[in-house]
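Beneath this line is the structure, given in structure tokens, with notes to follow.
The values are calculated or read from the model by the stated rules, or taken from the named source; none is laboratory data. This one's a predicted model, so the numbers in the text were calculated from it and none came from an experiment. Heads up, the Cβs are rebuilt from the backbone with ideal geometry, glycines too, and the neighbour counts pull from every protein chain shown. Remember, those area values only see protein heavy atoms, side chains included, never the ligands or the DNA or RNA. Shrake-Rupley method; radii C 1.70, N 1.55, O 1.52, S 1.80 Å.
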Amino acid sequence: MRHLMSPLDFTTQELDRLFDLAGDIERNKAKYAHACDGRILATCFYEPSTRTRLSFESAMTRLGGSVIGFSDAGSSSAAKGESVSDTIRVISCYADICAMRHPKEGAPMVAMEHSLIPVINAGDGGHQHPTQTLTDLLTIRSLKGALGGFTIGLCGDLKFGRTVHSLIHALVRYTDIRFVFISPEELRVPDYITEMLKGKNIPYEEVTSLEDVMPSLDLLYMTRVQKERFFNEEDYIRLKDFYILDTAKMELAKPDMLVLHPLPRVNEISVEVDKDPRAAYFKQVQYGVYVRMALILTLLELA
């Protein structure tokens, strides 16, 4: 029985097979419409989510399966003090596979250790968000043609952004990639990540100005400044509008640069950018459904 806690749980060869399956699902949706008949997905979300939870639910429904679960801790027995390990033991009696989001880092790992069914980490604190990373990788591969041979700028909250941390760890396994980290001093990428890049001799630079590096980027991964990760509101208010991508900045970019964003967006990307053909973040959402469909089939050993 396999689980997904980190993007590194799959080799690059396994990821290629997963992405090939996602591509086949995109092209032949009817072929997979009953692949999960009689199977149940439990979505255990201890913190708010729209895209990730609904993406999982859409994926299972499109595969012909059913969904049960809860959308916040207050509507589960966690409000009564039930532990994650006890919850997953109970869920294992009801469902065939579980997607779990939790504000505490490592909570899905605890669930995995006590589970009788495959567990998918749907985000744990500021740590990992592997299915978003799979979505990001599939989007890049589908729209750019390959994973590797590009310069990617990651902009915004690089300190607390679990999507950023997961994506960096996944991309370092591919060749000829250069990272540009764009953030205010207070939200720089953690030291353990830059130390890892140094150890692997992977080029990177840390900058504050988005405009200065726009011409050199093949991909720009925007992120929001996350209010829920701050300990005081003053710091959040001071930093939340530090970067706003607009049409003026887009004029500095390459004609084929892609803009990605894990969403939700607050105001870090102006709505005027949505009309730009290089804005790929809503396509990214659709790829998220296909890759989660492929992941469910893979972990249930149905493909």
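Annotations
- Filter result for the condition that a residue is hydrophobic (A, V, I, L, M, F, W, C) and in a loop (DSSP other than H, G, I, E, B), over ALA248, ALA303, ALA294: ALA303
- Taken together, ASP9, ASP24 contain a single residue that is acidic (Asp, Glu) and closer than 26 Å to SER71 by Cβ, which is ASP9.
- Scanning segment 70-83 turns up at least one residue that is closer than 23 Å to VAL291 by Cβ and at pLDDT below 95.
- Comparison of ASP86, ASP124 shows that the only residue that is among the acidic types (Asp, Glu), free of Cβ contacts under 8 Å to residues at least 60 places away in the same chain and buried (at least 16 other Cβ atoms within 10 Å of the Cβ) is ASP124.
- Exactly one residue out of THR61, THR43 is part of a helix (DSSP H, G or I), polar (S, T, N, Q) and under 23 Å from the mean Cα position of the chain (by Cα), and it is THR61.
- All helices (runs of 4 or more DSSP H) inside segment 107-171 with 2 or more residues being among the hydroxyl-bearing types (Ser, Thr, Tyr) and under 21 Å from PRO190 (Cβ atoms): 162-171
- Residue that is surrounded by the fewest Cβ atoms within 10 Å (Cβ to Cβ), among those in segment 233-284 that are of a type in the set (Val, Ile, Thr) and modelled with pLDDT of 95 or more: VAL271
- Scanning segment 200-232 for residues that are under 17 Å from THR163 (Cβ atoms) and either modelled with pLDDT of 95 or more or part of a helix (DSSP H, G or I) (or both) returns LEU219, LEU220, TYR221, MET222, LYS227, GLU228, ARG229.
- Single residue of LEU187, LEU197 found to be modelled with pLDDT of 95 or more and open to solvent by less than 30 Å² (accessible area, probe 1.4 Å): LEU197
- When the residues of segment 129-181 are filtered to those that are of a type in the set (Ser, Thr, Tyr) and over 21 Å from HIS3 (Cα atoms), the one that is surrounded by the fewest Cβ atoms within 10 Å (Cβ to Cβ) is THR175.
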